[in-house]
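Notes to accompany the following structure.
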Amino acid sequence: MATDSRKRQAKREDGRPKTATLADVAKVAGVTSMTVSRVIKGSGYVAPATREVVLRAAQELNYTANLAARALVTGRTGAIAIISGDLNLPYCANIVYLFDSLLSASGYQIHLLHTRGELRDLINSTNSASVDGVIVAGMHHFFEELSSLDRHVIPPCVHVGITKPSQGDYVHVDLRPAVEEALERMLAAGRKRIALVGVGSHLSVDETEIRPQTYISMMQNAGRELEFVSASPRYEVPGPERVNIIKQYIEANGCPDGLLCFNDDIAIQTYRALMDLGYRIPEDVLLVGCDGLPILQYFEPPLSTIAQPMEEMCALAWKFLQNRIATPDAPPQCTNFDAQLIVRKSLQN
DNA sequence: TGGACCTTTGCATTTAAGCG
DNA sequence: CGCTTAAATGCAAAGGTCCA
């Protein structure tokens, strides 16, 4: 102990800042560092009087736990990586916000990543994962790739989103029933031209994407022509530009009388384009988005949307990940939710 | 190459309390 | 008083990286 103190003192003379350690607190409190550790962690037996003395010493020395040293012993970093799409997308921002609330409440820190390269760097930096777990929001291809890597290097992983990975823990939401319901309502209302807004006829988003898949099968079963208003749902296309793309399409081709939008962002831009061109909702066009953004209810008329039970999904995914961290070899945990169609005036005749 | 860094964990030891 | 049990505390080792 005396040796340690001399070394710390020497460092201080070198001009390096000295931070209090468990041993420093222990010395002041007159106990060993193990007792201090128990008090700080709140685990194990410590007499109330001893606890008080230790806490006072810790406060006096402005002690904060050395997370790196703790990770060294426990193999836990107290950090979770979240890999999501771009935060420009309200859907992704909302997911990150929800996980942030959940993880913070559990005392975890978040590493927010957007690319597989970022996670790889994180892992390579120490030859082992420097996070306790990974949440992959959407991006199921990435999840599959991650799951196939060396399990000794890759931390526990859970996927949450509208695609269903072939392995691992996941929380999946099925958009199909709600998309079908929206299209059935448009068909039942006698709408002649029902188009999908946001994806081109070449289905540039993802061939496994359930929205265009459902749209195509429903329209074909109803004997209807397929019609795609190509306005990339990706964030690279700025909103005003997308409004113009949609307006140009309508001016060139006339306006479909039913519009299913790939997401709520696109629904809002489609709304803007329709208003600018003098179309009425729902009289001329039935309009529905997808994401469940609350702001849609404040439009006039209020916009319909396909909503996912985001809070339940995120809470369950976090529970799955905690289970996986605790028992790495347990069987896969999977849950499926159905998205719900929120019908507002834009989808009512 | 080996020791220092800092913390936690499993196990061992000591102390206190309860009871006949 | 002496035994048993529970509570409280301490010891030793381990972990990855850095630096002399």
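Just a few scattered comments:
- Residues in the stretch A:44-62 that are more than 40 Å from the chain's Cα centre (by Cα) and part of a loop (DSSP other than H, G, I, E, B): A:V46, A:A47.
- Strands (runs of 3 or more DSSP E) fully within the stretch A:271-343 counting 1 or more residues that are over 20 Å from the mean Cα position of the chain (by Cα): A:286-291, A:304-307, A:340-342
- Residue count for the stretch A:44-90, restricted to those that are of a type in the set (G, A, S), touching a strand residue (DSSP E or B) at 6+ places or on another chain (Cβ under 8 Å) and buried (at least 17 other Cβ atoms within 10 Å of the Cβ): 4.
- Residues (at pLDDT 80 or above and either in the same structural domain as A:N94 (by TED's automatic domain parsing) or more than 8 Å from DNA strand C (Cβ to nearest atom) (or both)) located in the stretch A:41-78: A:E52, A:V53, A:V54, A:L55, A:R56, A:A57, A:A58, A:Q59, A:E60, A:L61, A:Y63
- Any hit, the stretch A:97-111, residues being within 19 Å of A:C290 (Cβ to Cβ), modelled with pLDDT under 85 and open to solvent by 50 Å² or more (accessible area, probe 1.4 Å): no
- Test set (1) at negative phi; (2) in contact (Cβ under 8 Å) with a residue 12 or more places away in the chain - A:N221 fails condition number: (2)
- Within the stretch A:73-101, residues that are part of a helix (DSSP H, G or I) sit with their Cβ atoms under 7 Å from residues that are open to solvent by 60 Å² or more (accessible area, probe 1.4 Å), at 6+ positions apart or across chains, in these pairs: A:A93/A:L87; A:V96/A:L87; A:V96/A:L112; A:L98/A:E311.
- Of the residues making up the stretch A:25-56, those that are among the β-branched types (V, I, T) and more than 10 Å from DNA strand B (Cβ to nearest atom) are A:V28, A:V31, A:V46, A:T50, A:V53, A:V54.
- Selection status of A:R324, at pLDDT below 95 and open to solvent by less than 70 Å² (accessible area, probe 1.4 Å): yes
- Summed over the stretch A:184-194, the residues that are surrounded by fewer than 23 Cβ atoms within 10 Å (Cβ to Cβ), in contact (Cβ under 8 Å) with a residue 40 or more places away in the chain and within 20 Å of A:D291 (Cα to Cα) give a count of 1.
The values are calculated or read from the model by the stated rules, or taken from the named source; none is laboratory data. The structure presented is a predicted model; accordingly, all values stated were derived computationally and were not measured. Note that we place each Cβ from the backbone using ideal geometry, even for glycine, and neighbour counts take in every protein chain shown. We work out accessible area using only protein heavy atoms, side chains counted, and drop any ligands, DNA or RNA first. Shrake-Rupley method; radii C 1.70, N 1.55, O 1.52, S 1.80 Å.
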